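J.: Have a look at the structure that comes next, please.
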Amino acid sequence: MKISNVDVKDLKAKYGTPLYIYDQAHLRSNILGFKNYFKSNSFKTEVIYASKAFCIKEMLRLLMEYDMSLDVVSQGELYTALSVGFNPSNIYYHGNNKSINELEYALNHNIGYIVVDNLMELETLEELCNNLNKNVNILIRLNVGVEAHTHKFIVTAHVDSKFGVLYNSSDYNQMMDILSKSSKVRFKGFHSHIGSQIFDLNAFTAAVEKLVGICKDFNEPLVLDIGGGFGVRYTDEDKPIPFNIVSETLIKTCEDALNQNGVKIEKLCIEPGRSIVAEAGYTLYTIGYIKKTPNKQYYFIDGGMTDNIRPALYQAQYACDIVGKENEFKKNVVTIAGKCCESGDLIIENCPLPDAEKGDLLITYTTGAYGYSMSSNYNKALTPAVVFVEDGHDKLVCKRQTYDELLEREI
Ligand code: LLP
């Protein structure tokens, strides 16, 4: 099996397993897919990559090639971005509980926008800006009350969500009051994010219409950032909507809503994370032992929930193949289990696969988002290496963790 003309068996020989593999050409075409289609003649547009999906230096350098903007949600993500020279004014800083240190760090690095989640954060920011004599542009994270149909752990905008404030609530009104008096904290617009792995565009268009409606309260054209959440294909059941249709639908909805409401906006932003990196990513494992129980057959792999927590956390579904046996008859129904001391460490259940032998390579598809970024050292597993491949070349972009590194912070 080849990815971008690189044989995965060669990657195993060079880097070992488990290994995260990213097809760089696929990443490029996903970035360009959004960049090329998310455009309007009536307002500016911006595509902001949500770095939580996969945040390593080489990924951020790739985004810089395309002049992409960045959503960070922690000082760690911001630090990573600044370490590769990401333009701070293209950075949006999210999060519901940014500490004083984090806010100060962001202010001192003059980042583009702070997305303020709540009243107390705004009060803290206002005080900090006065103390440090700094100005800052902010968006307010609104909870628009749109419920998107996805796994409940990834729904973010129902009325009691931990994220954002409700329009016209008492907190919202107090925030607007503070902003009307503040000379340093500059209100630029609104952000909302309605959830993840969404296939129903109506959820997004409802959010756009709601935000545009709110713009009528303001004299200045606002920035509207409608978040990410565009669904990807993990298995054949998933039918993602192509970028051009997502982009054109959102732009058209916004243009129509602006006309209907008689308002203008300065800029419309989206924040795709998963839809840029998920399908460009693969995880390569080596099969160890194979075990039959009365009702099941297990193929054990040398990774598991430590490199992909999503099946255990969200019952996420994945597809896989045994390398070199992709076209063999899939006569067995097997469970792919990881090596953690945890019964829930199952990467795929009821998976049709051909016979396997110890030492075969197993590849899981669509693991580019929230795999590496949610990996852990549970059971003192080492974080796998990450390699980018393109046009027959491979490039190690993150080394496998070593046992010394695993213990280096322990006293
Ligand atoms: N913008 C904001 C404010 C977000 O909270 C998120 C995701 C995104 C953008 C990007 O969403 P995406 O396009 O990647 O769906 N760990 C979960 C996903 C959590 C997403 C949290 N926020 C998973 O593995 O499915």
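The values are calculated or read from the model by the stated rules, or taken from the named source; none is laboratory data. As the structure is a computational prediction, the values presented were derived from the model and not from experiment. With ideal geometry, Cβ positions are generated from the backbone for all residues, glycine too; neighbour counts draw on all protein chains shown. Ligands, DNA and RNA are excluded from the accessible area calculation, which covers all protein heavy atoms including side chains. Shrake-Rupley method; radii C 1.70, N 1.55, O 1.52, S 1.80 Å.
J.: With the checklist (1) in contact with a helix residue (DSSP H, G or I) (Cβ under 6 Å, 6 or more places away or on another chain); (2) of a type in the set (A, V, I, L, M); (3) over 27 Å from Arg400 (Cα atoms) in hand, flag the one item Leu32 doesn't pass.
T.: With respect to (1) in contact with a helix residue (DSSP H, G or I) (Cβ under 6 Å, 6 or more places away or on another chain); (2) of a type in the set (A, V, I, L, M); (3) over 27 Å from Arg400 (Cα atoms), Leu32 is out only on (1).
J.: Same structure again: Name the single residue, out of those in the range 256-282 being in contact with a helix residue (DSSP H, G or I) (Cβ under 9 Å, 6 or more places away or on another chain) and assigned to a strand (DSSP E or B), that is farthest from the ligand (Cβ to nearest atom).
T.: Ile265
J.: Something else: Only residues that are away from the ligand (no atom under 16 Å from the Cβ) and in a loop (DSSP other than H, G, I, E, B): list them for the range 305-323, please.
T.: Those that are away from the ligand (no atom under 16 Å from the Cβ) and in a loop (DSSP other than H, G, I, E, B): Ala319, Val323.
J.: Filter the range 1-40 down to residues that are open to solvent by 50 Å² or more (accessible area, probe 1.4 Å) and among the polar types (S, T, N, Q) and give me whichever is nearest to Gly368 (Cα to Cα).
T.: Ser29
J.: Tell me which of these Phe218 doesn't satisfy, since it passes every other one: (1) in a loop (DSSP other than H, G, I, E, B); (2) open to solvent by less than 20 Å² (accessible area, probe 1.4 Å); (3) of a type outside the set (Asp, Glu); (4) out of contact with any Asp or Glu (no Cβ under 8 Å at 6 or more places or on another chain).
T.: (2)
J.: Let me ask something additional. Of the residues in the range 324-354, how many are among the charged types (D, E, K, R) and free of Cβ contacts under 8 Å to residues at least 12 places away in the same chain?
T.: Within the range 324-354, residues that are among the charged types (D, E, K, R) and free of Cβ contacts under 8 Å to residues at least 12 places away in the same chain number 0.
J.: Same structure, new question: Just give me the residues in the range 324-380 being within 19 Å of Asp238 (Cβ to Cβ), polar (S, T, N, Q) and within 16 Å of the ligand (Cβ to nearest atom), in sequence order.
T.: Thr364, Thr366, Thr367
J.: I'm checking my understanding of the structure. Among residues of the range 328-344 that are in a loop (DSSP other than H, G, I, E, B) and under 16 Å from Thr283 (Cα atoms), which one is most open to solvent (accessible area, probe 1.4 Å)?
T.: Taking the candidates together, the pick is Lys339.
J.: Run down Leu139, Leu128 and say which single residue is surrounded by 18 or more Cβ atoms within 10 Å (Cβ to Cβ), farther than 15 Å from Gly228 by Cβ and modelled with pLDDT of 80 or more.
T.: Leu128
J.: Mind listing whichever residues of the range 301-322 are aliphatic (A, V, I, L, M) and either touching an Asp or Glu at 6+ places or on another chain (Cβ under 7 Å) or free of Cβ contacts under 8 Å to residues at least 60 places away in the same chain (or both)?
T.: Met305, Ala312, Ile322
J.: Here's a follow-up. I'd like the residue in the range 56-80 that is of a type in the set (Ser, Thr, Tyr) and either open to solvent by 40 Å² or more (accessible area, probe 1.4 Å) or out of contact with any helix residue (DSSP H, G or I) (no Cβ under 9 Å at 6 or more places or on another chain) (or both) and, out of all such residues, is nearest to the ligand (Cβ to nearest atom).
T.: Tyr66
J.: Let me ask another. Among the residues of the range 285-293, is any part of a strand (DSSP E or B), within 16 Å of the ligand (Cβ to nearest atom) and under 29 Å from the mean Cα position of the chain (by Cα)?
T.: Scanning the range 285-293 turns up no residue that is part of a strand (DSSP E or B), within 16 Å of the ligand (Cβ to nearest atom) and under 29 Å from the mean Cα position of the chain (by Cα).
J.: Moving to a separate point now. In the list Ile347, Ile363, which residue meets the criterion of being outside any loop (DSSP other than H, G, I, E, B), open to solvent by less than 20 Å² (accessible area, probe 1.4 Å) and either over 17 Å from Asp23 (Cβ atoms) or of a type in the set (Asp, Glu) (or both)?
T.: Sole residue among the options that is outside any loop (DSSP other than H, G, I, E, B), open to solvent by less than 20 Å² (accessible area, probe 1.4 Å) and either over 17 Å from Asp23 (Cβ atoms) or of a type in the set (Asp, Glu) (or both): Ile347.
J.: Identify, please: which residue in the range 286-304 is hydroxyl-bearing (Ser, Thr, Tyr) and out of contact with any Cys (no Cβ under 9 Å at 6 or more places or on another chain) and is, among those, least open to solvent (accessible area, probe 1.4 Å)?
T.: Thr286
J.: Restricted to the range 173-195, and to residues that are open to solvent by 10 Å² or more (accessible area, probe 1.4 Å) and part of a loop (DSSP other than H, G, I, E, B), which residue is nearest to Asn110 (Cα to Cα)?
T.: It comes out as Lys184.
J.: Within the group Ile198, Ile226, which residue is touching a Ser or Thr at 6+ places or on another chain (Cβ under 7 Å) and either away from the ligand (no atom under 15 Å from the Cβ) or modelled with pLDDT under 95 (or both)?
T.: Criteria check complete, one pass: Ile198.
J.: Gly368 versus (1) buried (at least 17 other Cβ atoms within 10 Å of the Cβ); (2) in a strand (DSSP E or B): which is the lone unmet condition?
T.: (2)
J.: While we're looking at this one, here's another question. I'd like the full set of residues that are in a loop (DSSP other than H, G, I, E, B) and either without any contact (Cβ under 8 Å) to a residue 12 or more places away in the chain or not hydrophobic (A, V, I, L, M, F, W, C) (or both), limited to the range 88-128.
T.: Scanning the range 88-128 gives His94, Gly95, Asn96, Asn97, Lys98, Ser99, His109, Asn110, Gly112, Asp117, Asn118.
J.: Residue check: is Phe204 part of a helix (DSSP H, G or I) and either in the same structural domain as Glu121 (by TED's automatic domain parsing) or acidic (Asp, Glu) (or both)?
T.: Spelling it out, Phe204 is indeed part of a helix (DSSP H, G or I) and either in the same structural domain as Glu121 (by TED's automatic domain parsing) or acidic (Asp, Glu) (or both).
J.: Select, from Ser83, Ser51, the only residue that is open to solvent by 10 Å² or more (accessible area, probe 1.4 Å) and among the hydroxyl-bearing types (Ser, Thr, Tyr).
T.: Ser83
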